[in-house]
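Everything on this sheet refers to the single structure shown next.
Every read-out reported here was derived from the displayed coordinates using simple, explicitly stated rules and does not represent laboratory data. Everything numeric in this text was worked out from a predicted model, so none of it was measured. Don't worry about glycine lacking a Cβ; one is built from the backbone with ideal geometry, like all the others, and counts go over all protein chains shown.
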Amino acid sequence: MKRALITGVNGQDGSYLAELLLEKGYKVYGLMRRKSKVDYGNVEHLKNEIEFIYGDMTDPISLINAMRVSQADEVYNLAAQSFVGTSWEQPIATAQIDALGVTNILEAIRTVKPKAKFYQASTSEMFGLVQEIPQKETTPFYPRSPYGVAKLYGHWITKNYRESYNMFACSGILFNHESERRGKEFVTRKITDAVARIKLGVQDRLELGNMEAKRDWGHAEDYVKAMWLMLQQDNPDDYVVASGETHKVREFVELAFKHVGIEIEWIGEGVDEKGIDKKTGKVVVSVNPKFFRPAEVDILLGDPSKAKEKLGWKREISFEELVKRMVEADLRRVKEEVNF
Ligand code: GDP
């Protein structure tokens, strides 16, 4: 039986990856931070199948312990301060977790089980102010947030440990991947949650920042398969994982509303722009500059050719299907919450 250790197991990606590995017959260990109230997050439904180990990415001793206890053959480092917005408010914590945390886990592997395979969750945010469209493995990086900068360190230290110590260490440069389990601070889930609430009459309006930003959005369930595939190859390498399509935040908004039968008409410009429900004339979307970022990533578009050729990976869930799934899940959840 193969053994896997997942850091960030109770996050969005951790939960889908845990499901995939359990299905494949792995023994799954999950690193958990101790809190005053136990929080299984997205793996509540798997709490009896996963072996939890308490630890923290900023505590090297706890990671050595996690490696000793799990004796993992494969380590997936998905733990992070993962929200770009927060990285301006907590730049040091973001660096300690997302940058130095990677060295901590790599050292723990090197100390306890140097033959273990390692997956690092790198990110399209490393491309930031994009130097090329579409972005591929060879595109120069230009991060635009403390999050992107910290993740770039994590990316390079992974490569460096592969080259320095011959470790089986891979980075997946994953473009935005969302799902019904995405945190509500991210724009996609913020939109689908608001659309469900507005449809059900428990919220009036959705306030957003920059709707011109373009992202390459896929479904997390597809993307965790690429993580696993990377560790099944003969040689370690880095791969871009993306849908190969880009859409404006505005398009996501329009599609999500359309799914509940609301057609949006835009009036005004800049911070005064409003999205109107065509049928009722009510304002359902407006701009709040509080959601603008100090430095923005205007466009992300990934070229997943290498992952397709070498890993045989391709995404199954389209952009339209992603939006539909997220809206429907939020409709169901909000209905339950408000007891319809
Ligand atoms: P990111 O790509 O990891 O930063 O993912 P997010 O979902 O947080 O943001 C995606 C894009 O949506 C960024 O360009 C944001 O500036 C833009 N955006 C516009 N309005 C909002 C908002 O209200 N919340 C968030 N999180 N992002 C917003």
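Couple of notes before you dig in:
- Filter pass, GLU89 being within 16 Å of the ligand (Cβ to nearest atom) and free of Cβ contacts under 8 Å to residues at least 12 places away in the same chain: yes
- Subset tally (residues that are part of a helix (DSSP H, G or I) and among the hydrophobic types (A, V, I, L, M, F, W, C)) for segment 299-340: 11
- Filtered residue count, segment 271-288, keeping only those that are closer than 18 Å to HIS259 by Cβ and touching a strand residue (DSSP E or B) at 6+ places or on another chain (Cβ under 6 Å): 6
- Where ARG110 falls short, out of the listed (1) surrounded by 16 or more Cβ atoms within 10 Å (Cβ to Cβ); (2) more than 19 Å from SER171 (Cβ to Cβ); (3) of a type in the set (Lys, Arg): (2)
- Selection count where residues are more than 30 Å from ASP330 (Cα to Cα), in a strand (DSSP E or B) and small (Gly, Ala, Ser), scope segment 157-178: 2
- Across segment 333-340, not a single residue is classified as within 30 Å of TYR142 (Cβ to Cβ) and either small (Gly, Ala, Ser) or in contact (Cβ under 8 Å) with a residue 60 or more places away in the chain (or both).
- Total residues in segment 44-72, condition without any contact (Cβ under 8 Å) to a residue 40 or more places away in the chain, among the hydroxyl-bearing types (Ser, Thr, Tyr) and surrounded by 15 or more Cβ atoms within 10 Å (Cβ to Cβ): 1
- Residue within segment 191-201 that is without any contact (Cβ under 8 Å) to a residue 60 or more places away in the chain and either under 19 Å from TYR16 (Cβ atoms) or not hydroxyl-bearing (Ser, Thr, Tyr) (or both) present: yes
- Criterion: within 13 Å of the ligand (Cβ to nearest atom), buried (at least 21 other Cβ atoms within 10 Å of the Cβ) and in a helix (DSSP H, G or I) - qualifying residue of GLY148, GLY101, GLY154: GLY148
- Within the option set LYS314, LYS310, LYS306, being under 18 Å from the mean Cα position of the chain (by Cα) and within 28 Å of GLN131 (Cβ to Cβ) holds for one residue only, LYS314.
- LYS279 vs. criteria assigned to a loop (DSSP other than H, G, I, E, B) and away from the ligand (no atom under 13 Å from the Cβ): yes
- Annotation: of all residues in segment 283-298 being among the hydrophobic types (A, V, I, L, M, F, W, C) and part of a loop (DSSP other than H, G, I, E, B), the one that is farthest from ARG144 (Cα to Cα) is PHE292.
- When segment 157-178 is filtered for residues that are more than 16 Å from the ligand (Cβ to nearest atom) and of a type in the set (Phe, Trp, Tyr), the ones remaining, listed by number, are TYR161, TYR165, PHE168.
- Here SER82 clears all of (1) out of contact with any Lys or Arg (no Cβ under 9 Å at 6 or more places or on another chain); (2) over 21 Å from VAL241 (Cβ atoms) except the condition numbered (2).
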